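Just so you know, all these numbers are worked out from the coordinates, no wet-lab data involved. Bear in mind that the values here come from a model prediction, so they are computed numbers and not experimental data. Every residue, glycine among them, receives a Cβ derived from its backbone with ideal geometry; neighbour counts consider all protein chains shown.
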Amino acid sequence: MANEKIRILLLGDELGQGEALTKALEKEGHQVQHCLRPDEALTALAKQKFDYVIADCMLQGSVSGVDFVMNVKQGNPRSGMKFILMSGIFTDKDFIKDAMTRTKALSFVEKKSPFDAAPVLALIAPDEGKGEAAPVRKTLYQIFAKEKVSQREKRKIIESLEEVSGFDLPFIYSLLVETDSSGYLNIYEKNGSVSGISFSQGQIVGVDVEDRTTYLGEMLIQSGYALPHHVQEALAERTNQKIGLRLLRANQLSPHAFDLILMEQMNIRLSRTISDQTIRINFAAADVEASQPSIDSDRLQYYLHDWIASKVTTGWLKSLYMLWAGNVITVSPAFREDHPVLEMALVKTLHGFLSRIRQGVTLTQLLEDKQNPEAAIYKGLHLLLSKGLIMFGPKSAFKTDIEQHAALRKIWSDVQGKTPIQIIDFLGPENLDEMGLASLLGPQPKDASSPTMTLWKNLRVKLTEAYQVSLDSGFREKSYTEAVGKEAESKLQASKRMEEARQKLAIGQFSVAAELLHEVQRTHPQLEHLHILMAWAKVGQSEGGKKTNLLKEVEFELVQVPAEERYDAHYPLVMGLFQRAKGDTMGAKKQLERAIAMNPSLIPARRELSTIESQLKKEKDIFANVDLKGFVGGLFKRR
């Protein structure tokens, strides 16, 4: 299409502005048909195909531009047309947001006086390589292999995305902030729910999601910004005023702390959008008014760390980086030693990770190092790549048969036991054709009788079979339907095992609980509260010679707890147990008191707090006794 004229249908009843925009578009080499009425535009659409439809929201008659676009989209769901809304009257941010959500338009252009065609011209771009769309991974993550990527390139990538994984959202949020974007990101889930994220000049200023479980009272207690009895008193008041305003009025909460907790509420709501499901997205550029509280680039990088640690699964990351396993990883031109990300847990806890990257190393080589857990390597790598601090260089050819055998063995272990459909989901069908296999497996080994050759052949057969399945849409749909039913049953069983583990933890049977939780983790690593319970089981087993290693594992489990789960009473309970195991008695006491304030019936927290208070009282009595003996002895000392 790069050599063809872009066909544009313009719908608007203002003759002067319509003619001006038509001339500007034609000057750029585009083919434009200007219609004054919706019925004229529908006739034009019936006669020929258009690439873009530009509609003014304000039209004479009963049909608005928004209604027209929705009708056209419903009648032509697979047309591939892009829609742009314009208005000089309807510029209220709520109207713009509603219009963009309903129409999924490419952008909303505010008409200003004098009329300027430049914002519209900037949105019309050749659809390079009109044919089959590039896979999301190749489109979105190509950035990871480039030294420099302009803001314009990043914006074009975001605008080209339609169907993505929920696990792509952290990187997409980061890109929108990095590029100082303004507009609305609409997220459409398969169950029909719609979420909207508002951006103003690179800051997140609004998060509109379905959320009935984020309670400010619990958040204020857990964060330490408000005392439990103050929150309880505020909740007991008979008023329609929100709890935060009640506490502010009573001088029991600072305005700064209130802003921080509202930002944390935005973080939790953003976190809820990140899930293991296919979603459709649409970013519509628009002028969005700045407001407070907001999430800027500095704060977002901490949330990005938490989302990668707690929401994005290791299995998904393994799938993403499979084809880059043999590429050399190096620091990028943007790398700097004092970058805040280098001090974050996912990076700082990786032994020797950065020093090896500075020297140039492949992912396969990093994974051979058993000093760091596999999950930690993948998550640390994804964080650094998402922030642009490191990058992939060219693919490193296998230097020896041993090196190729190790890489093939890793791939075999990752696909072993998976059905063809699961292999397709893991690797992506675009990576299982002839070119993809050549890149993934490397050249055919020279020694026909070697174990490497046997493994290479077996993998080619297994992956080729999976690729053939991907071509059979009927079989694929049937397999997915069956898989959904099995997944629901499997998840139900996993939830039962996790509840059993919770009961075992409450009575101190930590090793039994750990076995149950490991079983759950193998099949459903994203189940709610899994990491909290796993940390509880491990801290309960941390006595004896393995204490240091187990406490490191507990720390990594706690890092992986999502933001929305940190306001469950079990989180401060486990934090209290962790602090006590590290020797911080007062820190443990504070966490346990928070747990009880959030859930007074949490028996394990009450039991642990009682033990700590008895210990502190005993220590105080001993100290007082020693002090008294010294005082009395001093009185009778000879002078």
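So the values come out like this:
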{"quantity": "Inter-probe distance in nm under a simple model that places probes 7 Å from Cα toward Cβ, at His351 and Lys617", "calculated": "4.3"}
{"quantity": "Listed residue (Gly583, Tyr567, Leu527) projecting farthest to the positive dipole end of region 480-619, Cβ model", "calculated": "Gly583"}
{"quantity": "Added length on full extension, which subtracts the Cα-Cα distance from 0.36 nm per residue, His256 to Ala20", "calculated": "80.0 nm"}
{"quantity": "Spin-label pair Ile507/Ala406, simplified geometry with 7 Å Cα→Cβ offset, distance in nm", "calculated": "4.8"}
{"quantity": "Farthest toward positive dipole pole in the chain [+1 Lys/Arg, -1 Asp/Glu at C-beta], among Leu463, His351, Met266", "calculated": "His351"}
{"quantity": "Estimated [θ] at 222 nm from DSSP helical runs (n ≥ 4, -39500 (n - 2.57)) normalised by residues in the chain, nearest 500", "calculated": "-17000 deg cm²/dmol"}
{"quantity": "Rounded to the nearest 20 debye, dipole of region 467-618 from Cβ charges on Lys, Arg, Asp, Glu", "calculated": "740"}
{"quantity": "Among beta bridges that DSSP assigns inside the chain, antiparallel share in %, nearest 5", "calculated": "60"}
{"quantity": "Prolate/oblate/rounded call for region 165-299, Cα gyration tensor, a/c under 1.5 rounded", "calculated": "prolate"}
{"quantity": "Neighbour cut-off at most 14 other Cβ (10 Å), DSSP loop, trypsin sites (Lys or Arg not before Pro), region 513-609", "calculated": "Lys546"}
{"quantity": "Neighbourhood net charge (14 Å Cβ-Cβ; Lys/Arg +1, Asp/Glu -1) for Glu499", "calculated": "+2"}
{"quantity": "Leu471 versus Asn240: modelled label distance in nm, points set 7 Å from Cα along the beta carbon direction", "calculated": "6.5"}
{"quantity": "Charge dipole magnitude, Cβ of K and R +1, D and E -1 - the chain, Cα centre, debye nearest 20", "calculated": "2200"}
{"quantity": "Surrounding net charge for Gly388, when Lys and Arg each add one and Asp and Glu each subtract one, Cβ distance under 12 Å", "calculated": "+3"}
{"quantity": "Fewest-first sequence of Lys311, Lys348 by Cβ atoms within 10 Å of each Cβ", "calculated": "Lys348, Lys311"}
{"quantity": "Estimated FRET transfer efficiency when R0 is 22 angstrom, pair Ser396-Thr454 (beta carbons, to 0.05)", "calculated": "0.40"}
{"quantity": "Low-density loop positions, trypsin sites (Lys or Arg not before Pro), region 6-95 - DSSP coil, at most 12 other Cβ in 10 Å", "calculated": "Lys49, Arg78"}
{"quantity": "For mean projected area of the Cα convex hull in nm², calculated from these coordinates, the label among (i) 32.6; (ii) 40.4; (iii) 35.0", "calculated": "(ii)"}
